[in-house]
Amino acid sequence: MFFVADTTQQPPPEWPVEVWQRLWELRQVTPLTVVLPTVVSSPCPLLPAESANALLTPGQVQVPLDTAWIPAEIDVCRHAGSNGDIDRHSLEAALKNAVDNGERRHDTTAWSSVPLRHDSWLNRRLAVVVRGWGDLVRLRGADPAEFATLRALQELAGFICTTLAKRSRALAADKGYCPSLDRAGARILSEGFEMNARWRRAIGANALRHRNLVAMSPWDVFPSGEPADPDFMNLLPLLACADSVAFRRDVDIGHWNVNEFKRFYERTSAILQSSCDAQHIAKQV
């Protein structure tokens with residue numbers, strides 16, 4: 001069962017209490033996933049965000065309807081030592097391998113419909129789900145409520161996003177960038193020589209092979225295999241690093257109350273809404 005919650009709207013005051021209470025009661029009775037209105041963005045600044053109005057399984061990643069994705073998974077703890085220090089060479093190799101495998105699978109997958117085949121050719125989307133954030137904090141013995149803990153994870157997330165984008169850019173230079181860039185630039189290219197030249201320079205500096213790369217789940221900010229500690233909600237801003245958001249839940253929240261459940265989704269929604277609003281600001285290229 002999936003429930004879409006738009007926490008930015010203003011329903012009658014008695015509705016939110018009733019809805020969140022009912023969802024809380026259902027959480028352990030039926031496989032229930034609450035999803036939030038959001039967008040799918042691109043690490044390429046030349047491509048606009050898209051409304052995420054469908055759910056990709058497995059992984060429960062929110063995506064635009066009739067879009068073709070190749071999923072992969074990277075657990076940061078598999079590249080960490082016993083003290084939580086990351087082996088960046090190992091992680092970098094795994095990230096590049098995820099992009100290369102995704103590129104091959106786009107060419108070999110037997111897509112089930114014409115729209116999916118077309119989207120695969122047009123956008124070559126990857127959903128590299130980066131997991132293990134809460135486990136890494138636990139391994140390091142860090143305090144999830146400390147701002148320094150979040151900053152350290154944001155720096156690691158930046159390394160991951162940059163590594164994936166660099167590999168995609170290298171494949172674009174070798175095989176060609178995703179054709180959606182030509183569609184995005186069609187109007188610009190009709191506006192004369194100067195705009196044409198600026199667009200071509202922007203393409204040379206920013207074009208990627210894959211429209212989307214990084215996915216994250218807000219539930220992965222909690223350590224796995226233990227009851228979800230609400231203090232780890234302080235790590236939710238990591239979601240801003242992702243192109244798409246997933247809602248697969250592998251952690252136990254049976255000890256929470258309805259207010260903690262509601263607070264989790266409201267904080268997640270606020271971060272995703274900030275990402276949506278940011279897409280209305282043109283990026284300089």
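The Rg/Rh ratio for region 40-253 is 1.01, where Rg is the radius of gyration of the alpha carbons and Rh is the Kirkwood radius. Each residue of region 269-274 is assigned a 3J(HN,Hα), and the resulting list reads 4, 4, 5, 5, 5, 4 Hz, derived from the Karplus form 6.51 cos²θ - 1.76 cosθ + 1.60 (θ = phi - 60°), x at Gly and Pro. Database remark: amide H of Val39 closer than 5 angstrom to the amide H of Ala52 (H placed geometrically; neighbours at sequence offset of 5 or more, or on other chains; Pro and chain starts carry no H). Phi angles across region 209-223 convert, under the Karplus curve 6.51 cos²θ - 1.76 cosθ + 1.60 with θ = phi - 60°, into 3J(HN,Hα) values of 6, 10, 5, 10, 9, 9, 10, 9, 10, x, 6, 7, 7, 9, x Hz, Gly and Pro given as x. In terms of the mean number of neighbouring beta-carbon atoms within 10 Å, the peptides 62-72, 250-260, 48-58, 221-231 order highest first as 62-72, 221-231, 48-58, 250-260. Couplings 3J(HN,Hα) of region 238-244, computed from phi: 4, 4, 5, 7, 8, 7, 9 Hz, in residue order, whole Hz [Karplus 6.51 cos²θ - 1.76 cosθ + 1.60, θ = phi - 60°; x for Gly and Pro].
Between Ala72 and Ala127, Val128, Val129, the built amide H atoms are under 5 Å apart, and every one of these is 5 or more places off in sequence or on another chain.
Taking neighbour Cβ counts within 10 Å as the exposure measure, how do Leu47, Leu238 sort from fewest upward?
Details: Leu47 22, Leu238 19.
Least crowded to most crowded, the residues run Leu238, Leu47.
Residues whose amide H lies under 5 Å from that of Val63, counting only those 5 or more places away or on a different chain, are Asn53, Ala54, Leu55, Leu56; hydrogens are built 1.01 Å from N in the peptide plane.
Coordinate-derived values only; no laboratory data. Bear in mind that the values here come from a model prediction, so they are computed numbers and not experimental data. In this analysis, Cβ positions are derived from the backbone assuming ideal geometry, glycine residues included, and neighbour counts consider all displayed protein chains.
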